[in-house]
Amino acid sequence: MIRINLLPEEFRARKRKIRVSVNWGYLVAAVVGFFLILLVLTIWQKSRLSSLEKRIYQTRMEAERQKADLELVQELTALKERILRHVQVVEELNQSRTRWMEILTALSGSVPEEMWLVSLRENRVGGNFQAQIQGMSFSLKPIAVFMDNLDETELFSNSQFTYAQRLAVDEGMAYDFEILADLLSYERKLLSQKTSSDEQAVKGKRSN
């Protein structure tokens, strides 16, 4: 297909060339600047990451130390409890030994002549302790004296005569008897002694 432009030459459209001027220096500088910014951001992020990893490591180490310290505290606490239990057992044995020495001393000091003890048993009745005492006597009078002597001690009270039966022994005839008496516990004895000392202290202050 042939096209013929019939317009006069002066009216004919003239083609114009558009030239774009590119400054390569600015373009290179912009690209370099962009990559520099990326590099700085990368370095900064890596620095933050390194600092964060260091903090994580320190936190883990601190947690391990705290865990070790906690385990040590638990071991020391368990050891302390074992030692306290051992000390408590020793103290209870010592208290029991001291208490029985006092009981035997009180008994031996309460036995009159013409009488001797055969057995002593401690029974727990409810929350109280009771002494079951068996012995032999040539007559009934020493038994009554023995009961009075028991009630006068700090460890025995409320002596009760259970039975007495006459038996033949090598020396002749004797009475086999049994007595029940309330036995003061070690804790109540300490409390009684403390109360007595407090009362004496109050009386001393009043007298002054």
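Throughout, read-outs are computed from the coordinates displayed, never taken from laboratory work. Values in this document were obtained by computation on a predicted structure and should not be read as measured data. Note: ideal-geometry Cβ built from the backbone for every residue, glycine included; neighbour counts use all protein chains shown.
Annotations for the structure displayed:
- Filter result for T59 (surrounded by 10 or more Cβ atoms within 10 Å (Cβ to Cβ), under 25 Å from L184 (Cβ atoms) and out of contact with any Pro (no Cβ under 6 Å at 6 or more places or on another chain)): no
- Identity of the residue in region 119-157, in a strand (DSSP E or B) and of a type in the set (F, W, Y), that ends up farthest from A174 (Cα to Cα): F129
- R99 surrounded by 10 or more Cβ atoms within 10 Å (Cβ to Cβ), more than 18 Å from the chain's Cα centre (by Cα), closer than 30 Å to L140 by Cα and not small (G, A, S): yes
- Criterion: in contact (Cβ under 8 Å) with a residue 40 or more places away in the chain and part of a helix (DSSP H, G or I) - qualifying residue of E102, E81, E92: E102
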